[in-house]
Amino acid sequence: MSQPKPPPFYKLYEQYKGDGQYDNFEYETNYFLPPPKIPQQVIAFGTPVQMEIKKSSVEDLGRFSQLYDPDADQSKELQRLTQTLTEPFEDLLSTIIVPNQSDFLTKWGKVEELFINIHHLLSEYRPKQA
């Protein structure tokens, strides 16, 4: 049974000479340029729209407070929030075992706020990934 053919872009990197040897060759440089910058203004449905990249905070959501320092190391803040989450989550599980509606809602609010902060902190990594 034969293997599928490699994707066509394999030719961009190196050429196989046979017997386990590769030969580097000159590539076209336009394949390796970074993507173009995002334009400041685009046209959507015939209307010009300004593209501004604004950093949001958890407090912009309304009912949640920001539990981490945005200027601190994000990985350390993420670890701290994750470790902080364990105790309220265990308390929430204990209220599920012994039902008490008023305790459940307050403990659920604490867990929800921690999850929202963790989610927002993870989303701040996305511009770095792009």
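The values are calculated or read from the model by the stated rules, or taken from the named source; none is laboratory data. Keep in mind it's a predicted model, so treat the numbers as computed, not measured. Cβ coordinates were reconstructed from backbone atoms using ideal geometry, including for glycine residues, and neighbour counts include every protein chain displayed. Side chains are part of the model used for accessible areas, which takes the heavy atoms of the whole protein and leaves out ligands, DNA and RNA. Shrake-Rupley method; radii C 1.70, N 1.55, O 1.52, S 1.80 Å.
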Quiz item: From the backbone phi of the range 36-49, what are the Karplus-calculated ³J(HN,Hα) couplings (6.51 cos²θ - 1.76 cosθ + 1.60, θ = phi - 60°) in whole Hz, Gly and Pro given as x?
Solution: x, 5, 5, x, 6, 9, 10, 10, 10, 6, x, 10, x, 10
Practice problem: Give me the accessible area of residue 55, 1.4 Å probe, in Å² rounded to the nearest 10. | Solution: 150 Å²
Exercise. Set Lys and Arg Cβ to +1 and Asp and Glu Cβ to -1, take the dipole of the range 69-130 about its Cα centre, and tell me which of 119, 105, 93 lies farthest positive.
Key: 119
Quiz item: For residue 60 and residue 105, what is the calculated FRET efficiency with R₀ set at 25 Å and r taken between the beta-carbons, to the nearest 0.05?
Solution: 0.55
